[in-house]
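Visitor: Provided herewith is a single structure, encoded as structure tokens, for subsequent inquiry.
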Amino acid sequence: MPRNPAKSIFKERGFSDLPGDITIDEKSLSKKYRTNVHTLIRAWKRGRTDLEIARLTGLNPVTLQQIRNDIELSHRRIRLAKKKENMGLGQATGQRHIFLSPLT
């Protein structure tokens with residue numbers, strides 16, 4: 001039985017987990033969309049538009065948008081899981097700001 005059920009759910013949905021960290025499994029996403037997701041991410045980081053990438057790779061722009069949405073959603077889920085994990089450990093209790101009250 002897995003130690004952390006949240007990590008096993010991430011693994012089922014196409015993410016991999018490294019020791020102490022959850023990351024996106026580019027290999028499973030590449031298999032799902034039948035393209036090299038790593039090169040798409042690099043192209044987005046270099047500032048290329050979706051239409052440029054679609055023209056260069058031969059992908060359908062709708063499929064490219066689905067890949068982008070899937071990656072954004074996975075990043076959001078990872079951030080929420082980390083936030084819940086930190087809240088459960090009690091590490092973020094001193095960092096909360098109360099409205100109309102200065103941080104002390």
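None of the figures in this text is laboratory data; all of them are computed from the coordinates on show. Computed from a prediction, not measured in an experiment: that's the story for all the values here. Don't worry about glycine lacking a Cβ; one is built from the backbone with ideal geometry, like all the others, and counts go over all protein chains shown.
Visitor: Using only the Cα atoms, what convex hull volume per residue in Å³ does region 25-85 have? Let's see the in-between values first.
Guide: Working: hull volume 5.0 nm³, N = 61.
Spelled out: Cα convex hull of region 25-85, divided by residues, is 81 Å³.
Visitor: Evaluate E = 1/(1 + (r/R0)^6) for Thr39 and Met87, where r is the Cβ-Cβ distance and R0 equals 41 Å; express this FRET efficiency to the nearest 0.05.
Guide: Values: r = 36 Å, r/R0 = 0.88.
So, using R0 = 41 Å, E works out to roughly 0.70.
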